[in-house]
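The values are calculated or read from the model by the stated rules, or taken from the named source; none is laboratory data. This structure is a prediction, so every number in the text was calculated from the model and none was measured. Because the Cβ atoms are built from the backbone with ideal geometry, glycine has one as well, and the counts that use them run over all protein chains shown.
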Amino acid sequence: MSDLGLQSTESTRFRQLADLIDTVLLRATEPGTPADQLERRRLAALIEQAGRDDPNSIQAAYLADVLSSAGLSEPRAWGQVVEALGQGALPAKAVQSLEELAVRLDQSHARAATRVRIRR
Amino acid sequence: MDEYLQPALADLQERIRQLKGLIPPNLGRDVATLERTCRDRLDMAVAECVSLGEPATWVACRHRSIRMRRYRRLVEDIAWIESTGINALQRWQDTDDRLNRLIERIAREIHFPLPSPVVACLAQAHYEIDTKLGLLVVPPADGMFLLHLPDVYHELCHLLLDEESDARLAPLQDAYLSAWNAARGYVRAEMRIEVNQARRPESFKLELRAWLESWRAWMLELFCDAFAAATLGPAYAWSHLHLTAKSDAEVFAVPKLLSTSHPCAAARMELVLQVLQLGGFTGDVTRIRVRWDELVASIGDTEAPAYGRCYPSQILRRVAQEARSATQSIGCVMADPKAPRPIEGVFSAAWDEFWNAPEAFADWQARAAAELGLRTT
């Protein structure tokens, strides 16, 4: 394994998603400032996009892969999370789903980072 | 956890201070961007140490797991900067300077639309790029040899695919996403077929799941291959043949249970030859194909039964066409068989000499590398 693989494209994308979710989770039970609401809308848009067959951003496509490979892609559950993100404080169920997703993303990040690479 | 985290975070902050002290002074302009990026990243790490060490932010029970996740990411970030950027800066040498000047010339020659990366000769194996630091690493002696330097063109494309919010790069990134969606759609359709087949072994489904996950990384690599073949021409295909000859990976490898980061060598060559064909390098394609078939026969690998299903021709064809066309759309100059540019010409001539005058190749390469400024005479 190469240390330089640590911040490969894949692992960086997973990291960005995990960071975004943890930012949202940090103030999940508060109504949220305009900045918080902006982050929630960003996350909601990504999750909503990830649920489609044809994600229209690279980040959403990465999220779709994680949801699918982790068996977390049940559309109705994520529809509820998307809806909750568009409102005020997040209900406990949405927080739990996002917590689970953040953990999965960290695992995907670690897997991408440690995978034996044929370089170039 | 505060009893652990407070001293651990203080220790990390001290580590950052020491890391900055390891950067030698006056490294020069070639490496200034890398030094700046490393310093900025370390400053961000200090800010995160301060944030994580602020007990009032983390009192709520549900915040504990977020704090630990962020702590682990912070530790990893610092380790990454230390092992990549700081490592490169600490052992910076004249060979690095010489290769950086060549990379600048390559970037200008192909009209590369982003700042060229800093190159350091410290890779433990083959070429690799860290897009966040803009750091390309090559093996220590590769800055003096010509046969693998074509791989630099592949690495440059990783920067184009990773750059965010730059409208100029949208044609390439959109083409990449669209091709990836097509590949995902294809594998999902194959998965549905498996689900509907009675008495199919469970391993088939696991295999397809590994393909689905693999295509995420494969599409990146294939786009980079297409970019390299489009902007450099046949020398990139020869370099790929060279790498395949030296690698012990299966030429027609198909993932079984676990995903892989790179597509197999055969699929990559298939794609590269299609890009060259589109660029008008018909004679070169024929010559490369003959040598490739000889190599595959010598290795003794044969096409795995699942190869065609895993790497469908229609997807590879699409990548060849769309990646080449998008490379042109972002303003990069395509390799032209009738009018090779100076550095492209040297890399191409290196492979001609390698095949046509092998006994004189070492001397030829030494002269050509000196003319490119890679060796002191």
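So the values come out like this:
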quantity: Residue tally, condition of a type in the set (A, V, I, L, M, F, W, C), without any contact (Cβ under 8 Å) to a residue 40 or more places away in the chain and either buried (at least 18 other Cβ atoms within 10 Å of the Cβ) or within 14 Å of chain B (Cβ to nearest Cβ) (or both), over segment A:4-58; calculated: 6
quantity: Residue match in segment B:66-80 (condition: within 30 Å of B:Met144 (Cβ to Cβ) and crowded, with 17+ Cβ neighbours inside 10 Å); calculated: yes
quantity: Sole exception among (1) crowded, with 20+ Cβ neighbours inside 10 Å; (2) within 11 Å of another protein chain (Cβ to nearest Cβ) for B:Leu222, by number; calculated: (2)
quantity: Residue among B:Arg17, B:Arg67, B:Arg72 that alone is in contact with a Phe, Trp or Tyr (Cβ under 8 Å, 6 or more places away or on another chain), at pLDDT 95 or above and more than 23 Å from B:Val118 (Cβ to Cβ); calculated: B:Arg67
quantity: Residues (without any contact (Cβ under 8 Å) to a residue 24 or more places away in the chain, in a loop (DSSP other than H, G, I, E, B) and either of a type in the set (Gly, Ala, Ser) or more than 27 Å from B:Leu99 (Cβ to Cβ) (or both)) located in segment B:10-69; calculated: B:Glu54, B:Val59, B:Ala60
quantity: Residue in segment B:223-232 that is farther than 28 Å from B:Ile299 by Cβ and either at pLDDT 95 or above or of a type in the set (A, V, I, L, M, F, W, C) (or both) present; calculated: yes
quantity: Unique residue being assigned to a helix (DSSP H, G or I), closer than 27 Å to B:Arg184 by Cβ and at pLDDT 95 or above when the list is A:Leu43, A:Leu67; calculated: A:Leu43
quantity: Index of the failed condition, B:Ala123 passing every other in (1) hydrophobic (A, V, I, L, M, F, W, C); (2) in contact with a Lys or Arg (Cβ under 9 Å, 6 or more places away or on another chain); (3) more than 21 Å from B:Tyr153 (Cα to Cα); calculated: (3)
quantity: Residues located in segment B:113-134, provided they are within 8 Å of chain A (Cβ to nearest Cβ), closer than 19 Å to B:Asp94 by Cα and touching a residue at least 40 places away in the same chain (Cβ under 8 Å); calculated: none
quantity: Boolean, B:Ala182 is in contact (Cβ under 8 Å) with a residue 12 or more places away in the chain, within 11 Å of chain A (Cβ to nearest Cβ) and crowded, with 18+ Cβ neighbours inside 10 Å; calculated: yes
quantity: Any helices (runs of 4 or more DSSP H) falling wholly within segment B:215-334 and containing at least 2 residues that are in contact (Cβ under 8 Å) with a residue 24 or more places away in the chain and under 23 Å from B:Leu149 (Cβ atoms); calculated: B:234-246, B:265-278, B:282-299, B:313-329
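Every residue, every condition in (1) farther than 20 Å from B:Pro305 by Cα; (2) out of contact with any strand residue (DSSP E or B) (no Cβ under 6 Å at 6 or more places or on another chain); (3) surrounded by fewer than 23 Cβ atoms within 10 Å (Cβ to Cβ), yes or no:
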| position | (1), (2), (3) |
| --- | --- |
| B:Asp130 | yes, yes, no |
| B:Leu135 | yes, no, no |
| B:Gly143 | yes, yes, no |
| B:Met191 | no, yes, yes |
| B:Leu206 | no, yes, yes |
| B:Ala226 | yes, yes, no |
